[in-house]
Amino acid sequence: MSIFGALIAGLLLKQIAQPFNFALCFLCASVAMALSWFFMSRTREPVSNSLSTIGTRSEFWASLSVILRCDKNFRCFVITRMLSQLALMPLPFYTLYAVHKHGMGEESIGLITGLLMLTQTIAGLVLGWVGDRWGNKLVLEAGSIICAFSSVLAGLAPNVNSFYLVFIGAGIGMSALQNIAAVMTLEFGNQRQRPAYIGLGNTLVAPATILAPLLGGWIVDNIDYKTAFLVAAIGGLITALVLHLGVTDPRYLEQNFTNHSVKVLPEQ
C-alpha cells in the first residue's frame, strides 16, 4: 500500500496544478489515517496472565538505574542507536537535493518514493531472515555501512538516475537501523526485565532522533547539502565501528544480564 500510495502521489503532483495537487495528496492521507484509526480502535489485545515484573513504581525506576549501571553491553548498544540517527539524518534531504541540484520532477519523486517503500518491504524480510540466522548485530553493522555509502553516493551523484541507487541503500539502512534495532532490543535481559529494557532503549534514543534532522537542516542552511551527507556518512561508519568493537550480540552471551539487585528485579 505504501508503494501504491507513493506512485499515486507522484501522478497527482504531476497531473494537477498547484496547490491543489498537494492539497489532494494531504486529503487522501488524512482519509487513510482515519480509516487506519478506525480499524485500530476495533482491535482488542489478548489478556496477559503473566505476573508483573516489578511490584511498585519506585522499584521500576530503581530497576532502570540498575540496568544502566550494570549492563555495559546494553549501554553501548544504546549509544550506537543514538549514533545511528546521524546515519539516518539525510533521508529527507536527498529529495530536496535532487530537486534543487538535478531538477528532479514530481513524477520522479513519486517513483523514487515508491522504490524506497519497495526496498524497505523486501529488506525487512531479507534482513529479518539474516538476523535470525547470523545475529542482528551483523545486520546493524551492514545497515550502518550501507547508509554511509548512500550518503557518499548522494553527494557524488552526477545525475538524477543515481538517486535510485541512493534510495535503495537508504531503504536497506532504514530497515536495519530502525526495525532490526528494535528487534535486537528485545534480546536484552530476561522476559521479566524486558519492559524496562524496551522503555530505556526507546526513551534514551528519542532525543537523538529529534536532534539529528535539526542538525541536518542547520548544516544544509548554513553550509551545504554535501556537508550534511558527509556528516551522515561519518556517523554511519562510527556506528558500525562502535557496534563491532563495543557490542556483543546478546543472544550469544553465555549468561545474559541478570539480577544485580534481587529486590529491584525479582526472578521467579
Pick from M40, M117, M174: which is most flexible by mean-square fluctuation in a GNM of the chain where alpha carbon atoms under 10 Å apart are linked?
-> M40
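Does the range 1-40 classify as rounded, prolate or oblate by the C-alpha gyration tensor (a ≥ b ≥ c root eigenvalues; a/c under 1.5 gives rounded; else a/b over b/c gives prolate, otherwise oblate)?
Numbers: a/c = 5.15, a/b = 1.77, b/c = 2.91.
Since a/c reaches 1.5 but b/c is at least a/b, the shape of the range 1-40 is classed as oblate.
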Using Cα atoms only, what is the angle between the long axis of helix 20-41 and the major principal axis of the chain, expressed in degrees (0 to 90) to the nearest 10?
-> 30
How many angstrom separate the Cα center of the range 181-250 from the Cα center of the range 104-126?
-> 23
Out of (1) 58, 38, 37; (2) 66, 37, 32; (3) 65, 45, 36, which label holds the value of Cα extents along the principal axes in Å that was computed here?
-> (3)
Tilt, helix 106-134 to longest principal axis of the chain (alpha-carbon atoms), in degrees rounded to tens, equals 30
Roughly how tilted is helix 136-156, in degrees to the nearest 10 and between 0 and 90, from the longest Cα axis of the chain?
-> 30
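What number, rounded to the nearest 500 deg cm²/dmol, is the helix-based mean residue ellipticity at 222 nm of the chain, given -39500 (n - 2.57) per DSSP H run of at least four residues and division by all its residues? Working shown, then result.
Details: 11 runs with 198 residues, N = 268.
After summing the helix terms and dividing by the residues of the chain, the value is -25000 deg cm²/dmol.
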Compactness of the range 1-103 - radius of gyration and Dmax, Cα, Å | 22.8, 60
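Over the chain, how many pairs of lysines fall under 27 Å by alpha carbon, counting only those 8 or more apart in sequence or from different chains? Don't skip to the end; give the middle numbers.
On the way: K14/K101; K72/K137; K72/K263; K101/K226.
So the count of such lysine pairs works out to 4.
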Highest GNM mean-square fluctuation among G124, G169, G105, for the chain with Cα springs under 10 Å, belongs to G105
Across T209, T43, T95, the residue with the highest GNM fluctuation in the chain (Cα network, 10 Å cutoff) is T43
Between the modelled labels at L214 and A17 (7 Å from Cα along Cα→Cβ) the distance in nm is 4.0
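Coordinate-derived values only; no laboratory data. Note that this is a predicted model, so its numbers are computed, not measured. We place every Cβ from the backbone using ideal geometry, glycine too, and count neighbours over all the protein chains shown.
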